[in-house]
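Working notes, structure below.
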Amino acid sequence: MNGWKLVYDNFDARQEALREALCTLGNGYFASRGAAPEATADDIHYPGTYIAGCYNRLQTEIAGEVIENECLVNAPNWLTLDLRIEDGDWFDVSAVNVLSFNQELDIRHALLKRSIRFRDPAGRHTRIEQRRLVSIEQQHLAALETLIHAEDWSGAIEIRSALDGRVVNAGVERYRELNNRHLEPLTAESVADDTLWLEVATSQSHIHIAEAAVTRLWCDARRLDLAPRVDSAEGYIAHRYTTSVNTQQPLRVEKIAALYTSRDKAISEPGLEARKAVADAACFDTLAKRHALIWQQLWRRFDFDIEHEDADQEEHAERILRLHILHLIQTTSPHVMDLDVGVPARGLHGEAYRGHIFWDELFVFPLFNLRMPEITRALLRYRYRRLGEARRAARAAGYCGAMYPWQSGSDGREESQSLHLNPRSGNWIADNSRLQRHISAAVAYNVRQYYQVTRDMEFLSFYGAEMLLEIARFWASTATWNDTLQRYEILRVMGPDEYHDACPGAEQPGLDNNAYTNLMAVWVLVRALELRDILPGQRFTELCQILNLPKEEFEHWDDISRKMLVPFHDDGIISQFSGYATLEEFDWDSYREKYGDIQRLDRILEAEGDTPNRYKVSKQADVLMLFYLFSSEELCELFERLGYPFEYETIPRNIDYYMQRTSHGSTLSRVVSSWVLARANRPGGWPLFMQALESDVNDIQGGTTPEGIHAGAMAGTVDLIQRCFTGIETRGDVLWLNPSLPAGLKCLTLNIRYRQHVLGLRMTPTSVHISTEPSDEAPIHIGIKDQVYPLKPGEVREFR
């Protein structure tokens, strides 16, 4: 069971914010951080509850400029429950003598447990045991159970249960200069002796958020009939119950809460629904049993098994990978199938990046594609619903088609800030990250990958193809012809690296011919052209009519896809962008000696009055992203189409070159680096994988995880097991398997779904064992090395 538990056996105020993020519980509709029920926001704790898709905008004047920020809103705190003995102080773990402490995240059942034994200033010994859940079965419900044991005393105890809507968005220190009060109070009532109701509204988006809570006290099996004292304030309502306890029987307190918003379907109004939900809700034990059943079903789809020659590494890796899967499902559970939401880069676990949606889908979707593709389909529709806004953005920038934003929120407009704070220097500096146009290519890539795994023709016909065609149209409109080079170029963009946003001394931001961007644009154009052969003829004709796509436009796309510029230097090194070769080499050793941790070189250099634009340094993989997304066969086809050589040594040569020049300033960097090393059979893949596992659980960036988990990095580590080490590729209507197990990994076992087939895979360094569940589906094709084999439902095959 150790592979299913995250355990803390002491209270450490310095680590509490990190633990709160890692112990977040959620169900895809909402999530609540793992803060103690008695905690309020201070220098140690930060309770937070976040509802998927619940955004609000506020304006702030910064550095003489009025900027507007859209944030995922910190919703009212439903969890609040504290106690005091006799007429003493309200319980504060920092103010008592803690004799024992245990906090355990039960990963298998998505339960958070806490046990504290303490001695208070009066010398009394008390033990508190708590369990909580956010129901995966009923998306609007959460529950807390508290047992209070009086070990050597008897007397009065007071319990305070509250709904607190006075919260603000203050979970990220560098955002605290921004206006952060998103909620306006509407109603706070005591509905009955056991029931509270609170309703607030967001100030700009006018989303009504309603919470109701039922609090019941039990002594043994007897429910206590108590009349509470009511405390109320604007945006706050509480019940205070006084009773007596003794050493013979613990006091049990159950709090069941419901959360609804005006965005919900099939409701009259959220307050009424919340009150109905808590009135109908079962007790904690029944909710927990139903919750555990759904999680059992989910783990059947998502779990895996690894066997490593180092048993400690095996257990450690399995525990963290399962923790990552837990948080990914809690962020994007099956409930999202009926919601209009995307994947926030930091989950529903905190306020970093203001809850925005970036390109992390590129790393998250492969997990769901091969386990529960219906989730991917729903999340892709978030992008489709915002296709109109992407078209509007393209027109405003002088382009055609659809240009998706680097940061997206409620309606799909560009949410990237124009200024950002360097916490090292205290300076507000220009933020040009909106020039990362490659996000549009990521959307197209995700559409194509989903289709390849599922062959969901309905989705492709009515949603995916339209996005692909409009994104292709966008890339074609960005390409300009260079008559001297006889090549097309894409100018003034940023690549995934993010350290470089301009050439040294340039008056305008942006880089020319970022290799990753240019090649992704070519890939999109080729995939769009292929739609002529994939879509049913009638539907393709209809789309061309709707989008006013003439034959000449496809001919232009084909021309660009064969003549795009890819810059090179130093005998076969793909230049990150035009002019990269002229940049200075960086003195890595002296900066490591001076600063130690140099992951965020951009902040260090800016604080020194310098800029990474001058140097051959990368925050994260840029060129190497090509080797992450594409097999060598796919890249060879792209380069041949463009008339560039692609030799056997191209991949390892570029890996070695850029690995030496990367600071790993992003949690995604180690994921990508581990992947490309493993697939290229280069040493270091497994150690980097183990480092990537630590990104959040040990907060290796020094303070970022308390602000929210890194969904892309978490998904990327799981995908290293799922696709990288197994060599799974989905292309050409074939499921390709080309295992490359790192040294020490003896066996890898997992289940995947491919085109409605459930496949069991078991891989060792010398064999591949494949089984399929019986069904009425048509046979699929499996590729092993360069051979393709049919596989029927119910069939078992083994390949040496």
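A compact table of results
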item: Top-ranked residue in segment 42-76 [being more than 21 Å from Ala31 (Cβ to Cβ) and among the β-branched types (Val, Ile, Thr); ranked as surrounded by the fewest Cβ atoms within 10 Å (Cβ to Cβ)]; result: Val66
item: Filter result for the condition that a residue is open to solvent by 50 Å² or more (accessible area, probe 1.4 Å) and among the aromatic types (Phe, Trp, Tyr), over Phe568, Phe577, Phe586, Phe540; result: Phe568
item: Residue check for Arg377: closer than 30 Å to Arg322 by Cβ, open to solvent by 30 Å² or more (accessible area, probe 1.4 Å) and in contact (Cβ under 8 Å) with a residue 24 or more places away in the chain; result: yes
item: Cross-chain or 6+ apart pairs with Cβ under 9 Å, segment 221-241 first and aromatic (Phe, Trp, Tyr), then in a loop (DSSP other than H, G, I, E, B) and surrounded by fewer than 13 Cβ atoms within 10 Å (Cβ to Cβ); result: Tyr241/Ala227
item: Positions within segment 686-715 being over 18 Å from Ser618 (Cβ atoms), buried (at least 23 other Cβ atoms within 10 Å of the Cβ) and either touching a Pro at 6+ places or on another chain (Cβ under 7 Å) or of a type in the set (Gly, Ala, Ser) (or both), in sequence order; result: Gly708, Ala711, Ala715
item: Answer from Pro185, Pro228 - the residue that is closer than 21 Å to Glu145 by Cβ and touching a strand residue (DSSP E or B) at 6+ places or on another chain (Cβ under 6 Å); result: Pro228
item: Identity of the residue in segment 507-537, touching a residue at least 40 places away in the same chain (Cβ under 8 Å), outside any helix (DSSP H, G or I) and open to solvent by 20 Å² or more (accessible area, probe 1.4 Å), that ends up farthest from Leu491 (Cα to Cα); result: Pro536
item: Check on Tyr399, of a type outside the set (D, E, K, R), open to solvent by 40 Å² or more (accessible area, probe 1.4 Å), touching a residue at least 40 places away in the same chain (Cβ under 8 Å) and not in a helix (DSSP H, G or I); result: yes
item: Filter result (of a type in the set (Gly, Ala, Ser) and either farther than 14 Å from Asn427 by Cβ or open to solvent by less than 40 Å² (accessible area, probe 1.4 Å) (or both)) within segment 589-609; result: Ser590, Gly596
item: Flag for Glu798 being open to solvent by 10 Å² or more (accessible area, probe 1.4 Å), assigned to a strand (DSSP E or B) and either in contact (Cβ under 8 Å) with a residue 12 or more places away in the chain or out of contact with any Pro (no Cβ under 6 Å at 6 or more places or on another chain) (or both); result: yes
item: Qualifying position, being over 30 Å from Trp481 (Cβ atoms) and out of contact with any Leu (no Cβ under 7 Å at 6 or more places or on another chain), among Ile573, Ile598; result: Ile598
item: Odd one out for Glu309 among (1) touching a strand residue (DSSP E or B) at 6+ places or on another chain (Cβ under 9 Å); (2) buried (at least 20 other Cβ atoms within 10 Å of the Cβ); result: (2)
item: Among the residues listed as Arg424, Arg413, the single one being touching a Pro at 6+ places or on another chain (Cβ under 9 Å), part of a loop (DSSP other than H, G, I, E, B), open to solvent by 40 Å² or more (accessible area, probe 1.4 Å) and closer than 23 Å to Pro509 by Cβ; result: Arg413
item: Top-ranked residue in segment 85-96 [being of a type outside the set (A, V, I, L, M, F, W, C) and touching an Asp or Glu at 6+ places or on another chain (Cβ under 8 Å); ranked as nearest to Tyr8 (Cα to Cα)]; result: Asp92
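The values are calculated or read from the model by the stated rules, or taken from the named source; none is laboratory data. This structure is a prediction, so every number in the text was calculated from the model and none was measured. Cβ: placed from backbone, ideal geometry, glycine included. Neighbour counts: every protein chain shown. Surface accessibility is based on the protein's heavy atoms, side chains included, excluding ligands, DNA and RNA. Shrake-Rupley method; radii C 1.70, N 1.55, O 1.52, S 1.80 Å.
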